[in-house]
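First the structure, in the form of structure tokens, and then the observations on it.
The values are calculated or read from the model by the stated rules, or taken from the named source; none is laboratory data. Computed from a predicted structure; not experimentally measured. Cβ placement follows ideal geometry from the backbone for every residue including glycine, while neighbour counts extend to all protein chains displayed.
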């Protein structure tokens, strides 16, 4: 079930009503309802793959007890079982065909012909997210940060909580489980904030992202015929499409969770206002980057074992992050570009400059230095997005090569308005609103006057409605 | 909780009222090409006399076959070709819409394409035309037991959902009337005045096409049904501006259509293989690689009428 569908707008109020009016006397009843609703939500897409979700949940639930064993050797065995199980599921559904084809190609170079059996299976929606939920739970128990959950309903809900199930944010057991295991009281403020976030998320997804998708798809599909400036427009369109799409989805997820009394981690904090790449990765898909930091980067040594190993570890997490997004070389190259952009900051010890504040925190406008930093970071990120969006590495290189060579050879084209320039009708208001909200992405600023406030809500609602008919699937569903 | 529910209820009520008002006020704005409305009007109102033949197909035949020029063959056709309409569309549309208000046709021209059995190409479904259906047909389809896409039916019926952006930008309406000049509408045919800078001249590569057996079944079942009701059928592949004719020889879709033509004794006029001529090489006959220009459709319709006689 998509968030931006009629089905969801029937589903959500029904579950809300049952949750607060029928099951409100018992936390267990609420959790059971939420779990059933989450399975229904997932099964709406495919009841067959619901079985895989349930199986994965059951296994990690059991591994959680094994990993908590006093015998460290036994605990480690269960930890590895969980890793093999979760990564095995990912390997089969997501990566097998890619590696089989690449290994075959490698052997072909050596003159050895292989005929691998390809699985060609459908990628279950949300698999990259719920397997990471399960892994983080087991890791945290192994490290002593979390106790195994006795109640299987509570654990099942942690894995399958429907607002987060198919595209995150990737929650942590120590943050979400205590909320599941304690009573929730209805809070007016929380519910209103939830509704605002849902509306804002729908606006970013349906109005901004889907409108820009039309332009980006057209330009990327016809990139061999477009001039350099049009290709720039296409790259910018995609940069904001993926931002609107994914951050919009996260906002709807966080807002939906608030309606049921849950507080979820932020996943995006205005990443395009980042002053360097390091800050970008503290603001973009925060739940994924922190997951890789805590469960990959730090366990392999982090920055504790000298420069060489630090560089290795940085490349490792960025390449894995690329691979997480898809079994394809262009995602790996995307990760590699980010690793290369991050490296100078790391080597110069400047990767932690902007950890506490937001740009122009106490001012209305950025300084020239801050603006230059934001622009440079945006340019690097946008060039990397070309690899993310392209059908393959070759297309991405052609796109970039053509973009730069055409601009250099024909600079006068800027005198004519390039195709797709209408994207700025969508991008500029989004940037202005994001700039206004930049100090707190969860407390969207609204007019104090009630009529003005409702006017804003109605305008945004109608903008969503009139764009509703031309919507497209969330990009991150494919991961 | 009470305060929250009251506010939500009030907000939904105001939104619903404004939505209804907007539907009424903007009903006259329609971003869709207007000739669809005329085609559907013909299904219900039968404005034309003595129509005894229909043309089915995608946009290739919408902009290629002029029924008035086919009159010389002694058959009065109505062109029910729709943009992106393929076998799945017709297998449902013919039963659920056309036959409810019309008899089986005596003559059928089915314009075939080499990508027609690829599920991702000709994606139009009857739900996309929900705005043109009568209320009875709409609710009958909406509540039918089959795999109706009800969400799409709601989106397609509503002015706001369907083309809200378009009524905010009247240029869209003007653009549609420039590309599809409705004043030249001819029993379902309409010229396609594509701006030259929007034209694509590269054909769809065969490697990008994946035929679907279900669509082949839909196609054959429709043909079987028409034959059972004694319709005289012709298959036609309208001319395309493609130099490499091997696409058509290798296309699985055409091999299948050939087999169906043989099985049911249906003449198959393929103007991209056996009947290819210098017409296909003259760019003035085309507005892009796959659609005939105004001039091209006139020449082609006359030529095809001669074959029908």
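Here are the numbers for the structure shown:
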| quantity | calculated |
| --- | --- |
| Qualifying position, being within 13 Å of chain B (Cβ to nearest Cβ) and at pLDDT 90 or above, among A:191, A:209 | A:191 |
| Helices (runs of 4 or more DSSP H) wholly inside the range B:1-106 that include at least 2 residues being away from chain A (no Cβ under 14 Å) and either within 19 Å of the chain's Cα centre (by Cα) or modelled with pLDDT of 95 or more (or both) | B:35-45, B:59-62, B:67-70, B:87-93 |
| Members of the range A:5-40 found to be away from every other protein chain (no Cβ under 11 Å), part of a loop (DSSP other than H, G, I, E, B) and over 15 Å from residue A:154 (Cβ atoms), listed by number | A:25 |
| Any hit, the range A:47-56, residues being touching a helix residue (DSSP H, G or I) at 6+ places or on another chain (Cβ under 8 Å), more than 14 Å from chain B (Cβ to nearest Cβ), on the phi < 0 side of the Ramachandran plot and without any contact (Cβ under 8 Å) to a residue 12 or more places away in the chain | yes |
| For residue A:246: the one exception among (1) within 30 Å of residue A:21 (Cα to Cα); (2) under 18 Å from the mean Cα position of the chain (by Cα) | (1) |
| Output for the range A:317-359, where each listed residue is surrounded by 16 or more Cβ atoms within 10 Å (Cβ to Cβ) and without any contact (Cβ under 8 Å) to a residue 24 or more places away in the chain | A:319, A:322, A:332, A:335, A:336 |
| Residue list for the range B:129-151, restricted to those being within 14 Å of another protein chain (Cβ to nearest Cβ) and either surrounded by fewer than 18 Cβ atoms within 10 Å (Cβ to Cβ) or in a loop (DSSP other than H, G, I, E, B) (or both) | B:142, B:148, B:149, B:150, B:151 |
| Among the candidates B:284, B:230, residue that is out of contact with any strand residue (DSSP E or B) (no Cβ under 7 Å at 6 or more places or on another chain), exposed (fewer than 13 other Cβ atoms within 10 Å of the Cβ) and not in a helix (DSSP H, G or I) | B:230 |
| Qualifying residue in the range A:372-379 (condition: surrounded by fewer than 19 Cβ atoms within 10 Å (Cβ to Cβ) and farther than 25 Å from residue A:315 by Cα) | yes |
| Single condition residue A:383 does not satisfy, out of (1) at pLDDT 85 or above; (2) within 30 Å of residue A:94 (Cβ to Cβ); (3) within 14 Å of chain B (Cβ to nearest Cβ) | (3) |
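Per-residue answers, yes or no, for (1) at pLDDT 95 or above; (2) under 29 Å from residue B:152 (Cα atoms):
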{"position": "A:7", "(1), (2)": "no, yes"}
{"position": "A:18", "(1), (2)": "yes, yes"}
{"position": "A:26", "(1), (2)": "no, no"}
{"position": "A:34", "(1), (2)": "yes, yes"}
{"position": "A:43", "(1), (2)": "no, yes"}
